[in-house]
1. Does segment 157-173 include one or more residues that are in the same structural domain as GLY71 (by TED's automatic domain parsing), modelled with pLDDT of 95 or more and in a loop (DSSP other than H, G, I, E, B)?
2. Residues GLY299, GLY278, GLY315: which one is more than 23 Å from the chain's Cα centre (by Cα) and in the same structural domain as ASP262 (by TED's automatic domain parsing)?
3. Tell me, which residue of segment 217-247 that is touching a strand residue (DSSP E or B) at 6+ places or on another chain (Cβ under 8 Å) and within 16 Å of the ligand (Cβ to nearest atom) is modelled with the highest pLDDT?
4. So, in segment 433-460, exactly how many residues are more than 14 Å from the ligand (Cβ to nearest atom) and either within 17 Å of GLY278 (Cα to Cα) or not in a helix (DSSP H, G or I) (or both)?
5. So which of PRO397, PRO405 ends up being modelled with pLDDT under 95, within 16 Å of the ligand (Cβ to nearest atom) and surrounded by fewer than 20 Cβ atoms within 10 Å (Cβ to Cβ)?
6. Within segment 416-426, identify whether any single residue is in a loop (DSSP other than H, G, I, E, B), in contact with a helix residue (DSSP H, G or I) (Cβ under 7 Å, 6 or more places away or on another chain) and buried (at least 21 other Cβ atoms within 10 Å of the Cβ), and answer yes or no.
7. Filter segment 440-463 down to residues that are more than 17 Å from SER390 (Cα to Cα), within 18 Å of the chain's Cα centre (by Cα) and buried (at least 19 other Cβ atoms within 10 Å of the Cβ), then give me how many there are.
8. When you go through HIS103, HIS72 one by one, which is the residue that is in contact (Cβ under 8 Å) with a residue 24 or more places away in the chain, more than 16 Å from the ligand (Cβ to nearest atom) and surrounded by 21 or more Cβ atoms within 10 Å (Cβ to Cβ)?
Amino acid sequence: MKEACGVFGVSGDPTAAYTTTAGLYALQHRGEESCGVATLHDGQIKVNKYMGLVHPHRKLLRQMHGEYAIGHVRYSTTGSSTIENAQPLVFPSRKFGTFALAHNGNLTNSKTLRDSIEAKGGVFLTTTDTEIIGHLLHRSSAESLEGALSDALSQVEGAYCLVLLTQQGVYAARDRYGFLPLVIGAKENAMIAASETCALDAVEADYCREVLPGEIVRLGRANRIDTVGRLQKTMVHQEGTVTTQPHPSHCLFEHVYFGRPDSVLFGKSIAQVRKAFGRQLAREHPVSADSVVPVPDSGIDAALGYAEQSKITYGRAFVRSHYGVGRTFIQPEQAQRDFAAKLKLSVIRAEVQGRRLVVVDDSIVRGTSSKKIVKKLRKAGAAEIHLRISCPPHKAPCYYGKNFPTKAELIANRMTVDETCAFIGADSLKYLSLEGMLACEQELQHSFCTACWTGQYPTKLTDKEKSR
Ligand code: SF4
């Protein structure tokens, strides 16, 4: 199951539950379906979780004490949006004591692992990959918890970041490829792990460093971070090559859409990267127009970059409702996505009427949202609509946790760019090139996964997964 979520963990903080809730609030854009916090107090792990958005000062904080906590916000695929699948998950263990686990990502060998665990008598209560990792940890023959964690994670393939709350404290780990972001921060005596730096800022923690690809760390106190494991299992890639140190494959879509603009991911400011994409887009696909307008929110920085480069006035064509509609990409059902897309954007007619617009958006997946946006602008009297997209056409599914549809549903596999433009109803449609996008990443350009644009996956995939 895909889990592109947000995780947070803290150790050595007298108000750990409060800090975790504040951190989750900042990570809300990574998952809106459910949220949860687990704390350790007097040897007991307590977990509170519920469906929907994070509400500080409400259910998450009820009777939660202790200096150690982890938390999770969740977004998943269709059919799995249930409280049973909400995280953190709690696992009783005689050997290691009760522990709680929260994770973000998608294991590519989850079916094999689940079948093998069930064949040995394991029983699953959820459909999450998190529970697989919990079973592997629980069943490890290693004597120490840290050994068991290394053992469990050496068996899983794919993308993940996780936080683990145990009787010994809080651990954080990241897959060998570093697909998903995971950073460490410090605040007074407390140490924090979080999916994005915006969560560190929210709790007034200072950024220390990233958890390295394949690294397992234990969060101590007062700037103490102990590396307790490194995952270096031999990997067999699609081409048959064997390595012990996989090259980093950070998810480039985090920079395009998923991450929050005020975060620094993979060492770079998301807002600045998106502006660079916009400038490059203007260089590659100039057009004569009266104003450059973003599709809010994730098109804003790229539109600023396009306007800066093209010297065309930046303006606003849309007001976005922030009340209860959420991000359309991370809604689990198509009907929910369509409904949300319809409700969330209203056109400022006076800014649009009679004007030639460059409309900048981050991506086109199925094309349905773009079609609605163009229709609204036409109705408001736009003279011309030139759609500019700050990444290449999406042609392949993501197996690492982002909820893209099947190959057949992706509009770029069904239509040419000109056909897509006609379907959407724009006067012109252009995408940023892959080369242009990677050029904006400069020294990091060889460290990214670009599979959803190229179909070249950095890990081995089963035939079943490849046939999607
Ligand atoms: S396939 Fe795309 S969305 Fe998935 S990890 Fe790679 S770059 Fe990110």
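The values are calculated or read from the model by the stated rules, or taken from the named source; none is laboratory data. Everything numeric here is computed off the predicted structure, so don't read it as measured data. Virtual Cβ from ideal backbone geometry, glycine too; neighbours counted across all protein chains shown.
1. No: segment 157-173 contains no residue that is in the same structural domain as GLY71 (by TED's automatic domain parsing), modelled with pLDDT of 95 or more and in a loop (DSSP other than H, G, I, E, B).
2. Selected residue: GLY315, the only one of GLY299, GLY278, GLY315 that is more than 23 Å from the chain's Cα centre (by Cα) and in the same structural domain as ASP262 (by TED's automatic domain parsing).
3. That would be PRO246.
4. 7
5. Matching residue, one of PRO397, PRO405: PRO405.
6. yes
7. Total satisfying the criteria: 2.
8. The match here is HIS72.
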